[in-house]
Amino acid sequence: MDLLSRGRTRVEFERFVSDHGKQLLRTGYLITWDILEAEDLVQECLLRVARRWPKVRAMAHPHAYAQRVLVNLAFDESPKRARRRHELAEHHSPAFERPDAARSFAGSAQIEARDELREILAALPKRQRAMVVLRYFADLSEAQTAQALDCSVGTVKSTTSRAIERLRTVITTEAEPAPTADDEGGTGS
C-alpha cells in the first residue's frame, strides 16, 4: 500500500524528510547512543508521520510533531530495544567491530571524548537525557522542547536544571583525583 500515492503529497513529504531527516537521526542517536537503533526509530517515526501526512503538513510545526513521535518511540520501545540489543550482542560478529589499529591518533581523542559524553549522558534518566538532547544538541527552545515532549515549559526548565546539576555532579566526581596516602592522613614517612 502506497501511503503517499499522490504526486504533490509525496514530493512534500520527501522534502520534509530531506529537510529534517538528519536532525531526527541525530536526536535519536543522542537519546539512544546507538546509530542502528536511531535509524530504526527514525524509520518508524517517518512511517507514522507519513500515515498522517495530510494532517501533519497542515500543522504549524510538523518537525516538532515528528520529534515528539521520535522521542515517544524512544521511550516506549526502550525495553524491546534493550532485549534486541542483548540478542544481537550474543550473535555479534568481530567483522563488524572497528579495529583499534584503524583509529588515528587524532581521531582517538574525539572517540574518547564521545565515549565520555556517552557515559555522562547515560547517567541521566531517559526523560532528563531527552531534555538535554533536545535543548542543547538539537538546539530547541524551551517551548519547542515542551511541545516535543508534551509537557509544560516549567517542566522543561526544572527537569533540565536538575539534569544539568546531575551532569555537573558526575563530571566533578569523575574529575576528582583518587585519594593518596597524604590525603587520608598518612604520615608519608
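The values are calculated or read from the model by the stated rules, or taken from the named source; none is laboratory data. Quantities reported herein were computed from a predicted structural model and do not represent experimental measurements. Virtual Cβ from ideal backbone geometry, glycine too; neighbours counted across all protein chains shown. These accessible areas exclude ligands, DNA and RNA; they are computed on the full protein's heavy atoms, side chains included. Shrake-Rupley method; radii C 1.70, N 1.55, O 1.52, S 1.80 Å.
Which one is surrounded by the most Cβ atoms within 10 Å (Cβ to Cβ), of the residues in segment 38-78 that are among the acidic types (D, E) and modelled with pLDDT of 90 or more?
D40
Scan segment 12-28 residue by residue and report those that are over 19 Å from the mean Cα position of the chain (by Cα) and not hydrophobic (A, V, I, L, M, F, W, C).
E12, E14, R15, S18 - these are the residues of segment 12-28 that are over 19 Å from the mean Cα position of the chain (by Cα) and not hydrophobic (A, V, I, L, M, F, W, C).
Examine segment 85-106 for a residue that is open to solvent by 40 Å² or more (accessible area, probe 1.4 Å), among the polar types (S, T, N, Q), closer than 29 Å to I171 by Cβ and at pLDDT below 55, and state whether such a residue exists.
Checked against the condition, which is being open to solvent by 40 Å² or more (accessible area, probe 1.4 Å), among the polar types (S, T, N, Q), closer than 29 Å to I171 by Cβ and at pLDDT below 55, segment 85-106 yields at least one hit.
Just need a number here: residues in segment 114-171 that are assigned to a loop (DSSP other than H, G, I, E, B) and either open to solvent by less than 80 Å² (accessible area, probe 1.4 Å) or in contact with a Lys or Arg (Cβ under 9 Å, 6 or more places away or on another chain) (or both).
Looking only at that region, the number is 9.
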